[in-house]
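One structure is given below, encoded as structure tokens.
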Number of protein chains: 4
Amino acid sequence: MSSILKERSLERTAVATARAPHTKEQQRRASIEKLLAAALALFVTRGYHATSVEQVAARAGLTKGAVYFYFRSKARLLLTLLDRVEEQVIAPTLEAIAAGTDPRDKLVAFMHSQSLAGEKRAEPMLLAILMATEFHGSRDPIERRLDGLFAQMHAALTAVVEQGKAARVFRRDLGTAETVSFIMAMNQGCFVEWYRRRTELDGPAFVRAMRGIVLDGVIAR
Amino acid sequence: MSSILKERSLERTAVATARAPHTKEQQRRASIEKLLAAALALFVTRGYHATSVEQVAARAGLTKGAVYFYFRSKARLLLTLLDRVEEQVIAPTLEAIAAGTDPRDKLVAFMHSQSLAGEKRAEPMLLAILMATEFHGSRDPIERRLDGLFAQMHAALTAVVEQGKAARVFRRDLGTAETVSFIMAMNQGCFVEWYRRRTELDGPAFVRAMRGIVLDGVIAR
Amino acid sequence: MSSILKERSLERTAVATARAPHTKEQQRRASIEKLLAAALALFVTRGYHATSVEQVAARAGLTKGAVYFYFRSKARLLLTLLDRVEEQVIAPTLEAIAAGTDPRDKLVAFMHSQSLAGEKRAEPMLLAILMATEFHGSRDPIERRLDGLFAQMHAALTAVVEQGKAARVFRRDLGTAETVSFIMAMNQGCFVEWYRRRTELDGPAFVRAMRGIVLDGVIAR
Amino acid sequence: MSSILKERSLERTAVATARAPHTKEQQRRASIEKLLAAALALFVTRGYHATSVEQVAARAGLTKGAVYFYFRSKARLLLTLLDRVEEQVIAPTLEAIAAGTDPRDKLVAFMHSQSLAGEKRAEPMLLAILMATEFHGSRDPIERRLDGLFAQMHAALTAVVEQGKAARVFRRDLGTAETVSFIMAMNQGCFVEWYRRRTELDGPAFVRAMRGIVLDGVIAR
DNA sequence: GATGAATGAGACTTCATTCAT
DNA sequence: TATGAATGAAGTCTCATTCAT
């Protein structure tokens, strides 16, 4: 949410665009993007602790110093990445849920939005899930940030399930908290499974299976 | 499967029990158990890489050296733990599946066995899931060991689903691989979710929700 | 032969000398030299295994980390030192041999070159000899490097002895391999002896004794 | 010289031989011999520091504890071995020198005795040479012990050379200390070379070369 | 007579981080 | 803007040694 970079870069955008295309500002942006992309790829495949700042820098074609110049620490590098997850994955999902008219619609919207994310932005979403695993119980600020991200989705889904049960569209024999947890857990589990078995699984078919099973299981008959 | 410890201790069990277990053997066992218990707890809560051998030893009331005396490396400590997961969680689940008579029965048996494990042996099962995340893509021998563990369950479930579809008890509109992956993913996701939200969730209710949704979603109507 | 350092530093020498060598490059060089000098002194007096990286760093006025920054391992530190031995001791000796016109000349050149090395570069030469002892039979890459170094001198001397015997200048009653081994062994033995008894022995007198005995013993009467 | 073991074992020899052959005393001896043999082989091939007490014990078919039971430390293990070197190699050589009638004879006796040792007891002699290299400059008691061993031979040779020069049988243009050092150095260097190139060199031929060169080089014409 | 459990010091190495340039 | 030198803490592992049995 609060990337260190945003403010600084925005205040110079005007000047930069007025002047010319190949400016310091552009290089700055490019370096930042290269570093974030490198970090994302490495954190997702190797994990945060197993990835060294040097590896991130090398993959971005820069040196360690650059990471510390743009991000003040390895942790902020991850936090900046998590800001993007919020913008690009969480926020759209929340909006999609909000846009739905009835509970069933909202649940479908949630799943649809998530599978879209899985297709277009698999890595950012995966990052949040994997980092939640890696930092769980660490008492690190990063854990709190991640808890915040998931809490938003959790809250939104809780509202949907309550609504659904009130409207007698969803099964009422299951606890709300338990239903929500199930949906979140299944969603995250499937994300990870899909990422790992990318080559073996048929993406659309997997999404269909997932959606079908959950809807049939959650919707009251 | 091949714990370093088993051989040595077993070959002496006869002698030991004949003479009544005396201190050397007892101490050996006790130290090993303390170390394994400490490692299990720490690996599950902090992760493997984030846990130092010294922390494991300290939690067991011993020193680093003792860890290296019994297990020859940090990796073997984890591998020994995974041997136990296989014995205590995977094997019983496979047996439960095998004991089921029809596909529906077998699927229920799988879920039941897994939720039992979640109740009685949450940490060992969780260990396998979390380590699979931490070591995925590492090319480490540990990754291969984990792949082996999950492959067993995957294979068993694949057989169940094929049977179920052949008998027209399970939905036939979903791909087998996708259905199996869904079941595994959901199962693992729920395990993690339940562990993390232990205090907020009602265990039995959560298991009921999970089971209900999946059965209703998988079984053909 | 392939010092890690050479490439990097050489490619910048032009720029550096053009602009007058400034601090970064100078500091780099200075630190490397300090580390290599410290390592050389310690490896020669205490041996490789008995010398810790920390001792090397401390003697150079730096910390362990600096050693790993410049050389990536303790082994590379030694290998870099061996590169220098090759350049500064082995190569000149080979050249001296090559420059000799007849076998007797070449043998004298060999001994002269070696005693010069003993005077001016006792430590580098000694390093090779002592490390050959320490690593013999270790199957370590360092052993292979050392074998390579000595093989060059061995080959050169073999040619000289063959030539000498063919020209009937050298004794023909002794096997070539045995004569060469004797020369190498005597040379190395004397190097070590001289280093150890530096204070008691008269260097020039020792060299004279050595040379006299060998020549009188090898040359046919 | 002062093996810890001798006293103890001797006082029981009487009892042991009186009783029966397969006694504790015999086993004791056997274990000690196995340990010493293992240590000798390992120290010579891998070096003292690079050999762990555990490796020694394992090669002897025993455990670490046994080493500490018989020898109180790793150092004493080596010291005991050096006692044997003195008995089996140094002493006989000194006696051989003493038995010679004139200087030339004594020098030949020295070289003959040493080459005999090289044939029959290569490892013990080698041990002394290699350990002298490994411990030189260490200020360890072992270094002093080794200095003592070599000092004996040095002293004996010094007497021989002085005699030889006085009798005008040896070259008088070379310093005594330098000549002695040369002989010692050449002798040790050849020992090592021969051990390393055992397979390539013809032992007798090598000894002949060595002896021929040295005698021709030392004896006055 | 010998083992096996356990320790603790110290080794090599990695890595996040700082800072002068 | 970015690099490269350097640090220091921490991590995995080895090993000589002690001691109860």
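The values are calculated or read from the model by the stated rules, or taken from the named source; none is laboratory data. All figures in this text were calculated on a predicted structure; none of them were measured in a lab. Every residue, glycine among them, receives a Cβ derived from its backbone with ideal geometry; neighbour counts consider all protein chains shown.
Is there a residue in the range A:21-42 that is within 14 Å of chain B (Cβ to nearest Cβ) and either in a loop (DSSP other than H, G, I, E, B) or within 11 Å of DNA strand E (Cβ to nearest atom) (or both)? Yes, some residue in the range A:21-42 is within 14 Å of chain B (Cβ to nearest Cβ) and either in a loop (DSSP other than H, G, I, E, B) or within 11 Å of DNA strand E (Cβ to nearest atom) (or both). Among the residues of this structure, D:Thr51 does not count as one that is within 14 Å of chain C (Cβ to nearest Cβ), over 19 Å from D:Ala155 (Cβ atoms), within 16 Å of DNA strand F (Cβ to nearest atom) and touching a Gly at 6+ places or on another chain (Cβ under 6 Å). Taken over the range B:116-137, the criterion of being of a type in the set (Gly, Ala, Ser) and at pLDDT below 90 is satisfied by B:Ala117, B:Gly118, B:Ala122, B:Gly137. Against the numbered list (1) in contact with a Lys or Arg (Cβ under 9 Å, 6 or more places away or on another chain); (2) at the interface with chain C (Cβ under 8 Å from one of its Cβ atoms), D:Val214 comes up short only at (1).
The numbered conditions (1) among the acidic types (Asp, Glu); (2) at the interface with chain C (Cβ under 10 Å from one of its Cβ atoms); (3) within 20 Å of the chain's Cα centre (by Cα) are all true for D:Glu143 except (2). D:Val89 satisfies every condition listed in (1) within 14 Å of another protein chain (Cβ to nearest Cβ); (2) crowded, with 22+ Cβ neighbours inside 10 Å; (3) under 30 Å from D:Ala50 (Cα atoms) except (1).
Which count do you get for residues in the range D:46-92 that are of a type outside the set (Val, Ile, Thr), more than 13 Å from DNA strand E (Cβ to nearest atom) and not in a helix (DSSP H, G or I)?
Residues that pass the stated criteria total 3.
The residues of the range D:191-204 that are among the charged types (D, E, K, R), at the interface with chain C (Cβ under 7 Å from one of its Cβ atoms) and out of contact with any His (no Cβ under 8 Å at 6 or more places or on another chain), listed by number, are D:Glu193, D:Arg197, D:Glu200, D:Asp202.
Contact annotation: residue pairs with Cβ atoms under 7 Å, 6 or more positions apart or on different chains, pairing a residue in the range D:53-80 that is under 25 Å from D:Arg145 (Cα atoms) and of a type in the set (A, V, I, L, M, F, W, C) with a partner that is outside any helix (DSSP H, G or I) and within 11 Å of DNA strand E (Cβ to nearest atom), are D:Ala57/D:Thr63. Per the listing D:Val180, D:Val207, D:Val161, the residue uniquely assigned to a helix (DSSP H, G or I), more than 10 Å from chain C (Cβ to nearest Cβ) and of a type in the set (Val, Ile, Thr) is D:Val161. Could you tell me which residue of the range A:164-177 is farthest from the other protein chains (Cβ to nearest Cβ), considering only residues that are among the small types (Gly, Ala, Ser) and under 30 Å from B:Thr133 (Cα atoms)? Only one residue fits best here, namely A:Ala177.
Here C:Ala60 does not fit the description of being buried (at least 16 other Cβ atoms within 10 Å of the Cβ), within 18 Å of C:Leu126 (Cα to Cα), more than 14 Å from every other protein chain (Cβ to nearest Cβ) and modelled with pLDDT of 90 or more.
Can C:Ala177 be described as without any contact (Cβ under 8 Å) to a residue 40 or more places away in the chain and of a type in the set (A, V, I, L, M)?
Working: without any contact (Cβ under 8 Å) to a residue 40 or more places away in the chain: yes; of a type in the set (A, V, I, L, M): yes.
Considered against the rule, which asks whether it is without any contact (Cβ under 8 Å) to a residue 40 or more places away in the chain and of a type in the set (A, V, I, L, M), C:Ala177 comes out as yes.
Answer yes or no: is there a residue in the range C:66-78 that is closer than 22 Å to C:Ala155 by Cα, more than 14 Å from every other protein chain (Cβ to nearest Cβ), of a type outside the set (Ser, Thr, Tyr) and more than 16 Å from DNA strand F (Cβ to nearest atom).
The first filter runs over the range C:66-78 and keeps only residues closer than 22 Å to C:Ala155 by Cα, leaving none.
No, the conditions are met nowhere in the range C:66-78.
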